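Just below is one structure, and these are the notes that go with it.
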Amino acid sequence: MKTAIETKSVRGKLILMAMITTMVAVLVASAAMLIYDLISFQRSWINDLSTQAEIVGKAVAPALSFNDSAAAEHNLGMLSARPQILVGAIYDANGKRFAGYMQADLGSPAYPDTPGAPGYTIDGSELHVYYRVIENGEFLGTVYIREIYPLFERIKSYSMILVSVMLISLLLAGIVASRLQVAITRPLGAITDVARQVMYHRDFSLRVERRDGGEIGTLVGAFNDMLIELGRRADALEATNARLEQEVRIRESAEEALLQADRRKDEFLATLAHELRNPLAPIRTGLDILRMKEGDKAASAKARDIMERQLVQMVRLVDDLMDVSRINTGKLAIQVAPVPLHVIINNAVEIARPLIDKFAHQFEVQLPVQTVMIAGDVTRLAQIVSNLLNNAVKYTPQGGQIRLTAALDGKNVEIRIKDNGIGIALHMQESIFDMFSQADSSIERSNAGLGVGLSLARRLAELHGGSIIARSAGMGEGSEFILRLPALVNLLADEQQIADRQAADAKYRIFLVDDNVDFVKGFGELLELIGHTTQISHDGAEALSMAAAFRPDFAFLDIGLPHLNGYDLVRGLRLMPELKNTVMVAITGWGQEKDRQLALDAGFDAHSVKPVSFDQINAILSDPAHQRGSGGIAAPQE
């Protein structure tokens, strides 16, 4: 009942508003029309009487000229044809009344004593007109006419018409409004009904049908949206109890996850200690051999080979951990350049070859006949493939089979590494790429590393716009890893290969600055053995004074130098015109991304982290990016 009253009240208000609006509009329009009509009526009445006075004036002009008052009286008698004219008079030029006319029932005449000024005056309900009679430029006299001016009768009759129009308009407005208000009150009634049902039955699926657009449609839409939101919140409240029940299970799961994380942390630390001790043991043994068999060149060479291999393994282990950290913090930089596919595969196989030979695996490589180029960092791409190869080697029993194939697949290069090893359980084929993830098997445990190789390989592949997936039919069924990388299709590598060969044959003047005497002396001897000219310094200030005279093509500078650190040294060297084309490389134990950026900001062209192998130094010398020549970095010696 209350809803009906409220709806009816809204309906009545809408109708009343429409009628009031109509009434105001009609009143304003009526007032405007009435004013306009009165002005028009007055103008036409005055014009008409003025014309009548002019006609009379022209008619009596001869009578005034010949002083014939009888003729003038006769002419004025024509005014009786218009009953609205009450009085008429003619005055001579001296202002004396010459002739007169008055309606018979008017009573005593009311002529003005003297004629007034030409024109008209309105006196209540009478209109007075004076007209000057002029003949041939001579003023003869004045015509005076007084007429009934029915202004109030005009207002009364016109007002009656306007009132009738207003009443009809209000009636029509009421009828139209009563019909139009349904478009507003019907949705409001529907909203009210739905709201009542929702309140009583808690059914938030009910909706108001949206029939119209505009504000009413917006209101209905907003109401329906509100029901949707209320329904969501009601569902959320109903789900609260279920969530509260789950919280206990979640806490238990979280505790279990924490325990598992602790176990994985302990396992990782134990594995790290194991992996670090493994190469340290043969290094220590090699040192004992060098000390005990100092004069035995064969034993010393064998010991050095063992120590070098184990050192490479330790450096690789630390580098992998550092790479993971750099990727996680978004600080790993890759140097993108076109790289031939066979170079990547050759570098990767070279890295993995010692481990393949150790396990006596049958290894097969199949590459495309044509030259295929990939845009990427050659070192990181080789690292991806070598990590996959090492994984296949470690998880394949001794004497197993490993096959590496590469082929173009549309705009991508697809590299497949397949083995007949222990395989991967179905539930681990995705988690195998998680950090520190390892299979739980005795053979894997004896050969596995830290469990970062596959995770690092996938992340490096993603940095190159590629992907890695693992496939296996299950445990004991072998596994296959598929690496996909974007290819630079049909890009030939002939010019790059020629440039690489030229760089490899070039001889340079090389400046070595490091306070580690053994390190810098050993590298100097190796560089001179392959034809380069070297200059060595162990002091930053000394190196600054020697550089201009030596004019090196390459300068390998330590950062922690006595008297003048490497950053200040390279800034000083950059100011020398003789060294404007010198390639300057920082050789330091500081390997964070911020350390690399500090070196580049100071003026270094490249940044390498100790320990640095001779192959790394030779790769820098052979890198075409470091051949400045005319307008480049350093021109090779002739």
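Summary table below
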| read-out | value |
| --- | --- |
| Cβ-derived FRET efficiency at R0 41 Å, S40 paired with S65, nearest 0.05 | 0.60 |
| Which listed pairs, of K358/K418; K358/K507; K358/K521; K302/K358, have C-alpha distances above 26 Å, in listed order | K358/K507; K358/K521 |
| Probe 1.4 Å - accessible area at T192, Å² to nearest ten | 50 |
| Separation in nanometres of the label points that stand 7 Å from Cα toward Cβ, at S613 and S545 | 3.9 |
| Where H74, H128 fall by accessible area, highest first, once all protein chains stay in place (1.4 Å) | H74, H128 |
| Label-point separation in nm, R304 to T285, each point 7 Å along Cα→Cβ | 2.0 |
| Simple label model, 7 Å out from Cα along Cβ direction - T218 to L151, nm | 5.2 |
| Ranked packing of 605-614, 343-352, 162-171, most packed first, by mean Cβ within 10 Å | 343-352, 605-614, 162-171 |
| Modelled FRET efficiency - R0 51 Å, L237 with V28, Cβ distances, 0.05 increments | 0.35 |
| Whole-angstrom gap from segment 115-151 to segment 399-424, using each part's C-alpha centre | 124 |
| For peptides 536-545, 516-525, sequence by mean Cβ density within 10 Å, most packed first | 536-545, 516-525 |
| Contour minus Cα-Cα distance for L526 and M576 (0.36 nm per residue) | 15.2 nm |
| Full-extension gain in nm, L367 to N47, via 0.36 nm per residue minus C-alpha separation | 103.7 nm |
| Fully extended contour minus Cα-Cα distance, from F359 to R196, at 0.36 nm per residue | 50.7 nm |
| Ordering of 460-467, 385-392, 198-205, 527-534 by packing [mean C-beta count within 10 Å, highest first] | 385-392, 460-467, 527-534, 198-205 |
| In Hz, Karplus ³J(HN,Hα) per residue of segment 539-548 (6.51, -1.76, 1.60; θ = phi - 60°; x = Gly, Pro) | 9, x, 5, 5, 4, 5, 7, 8, 5, 4 |
| Pairwise centroid distance, computed over Cα atoms, of segment 13-67 with segment 193-209, Å | 64 |
| FRET efficiency estimate (nearest 0.05) - Cβ-Cβ, V248 to D518, R0 56 angstrom | 0.30 |
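The values are calculated or read from the model by the stated rules, or taken from the named source; none is laboratory data. Bear in mind that the values here come from a model prediction, so they are computed numbers and not experimental data. Don't worry about glycine lacking a Cβ; one is built from the backbone with ideal geometry, like all the others, and counts go over all protein chains shown. With ligands, DNA and RNA removed, areas are computed over all heavy atoms of the protein, side chains included. Shrake-Rupley method; radii C 1.70, N 1.55, O 1.52, S 1.80 Å.
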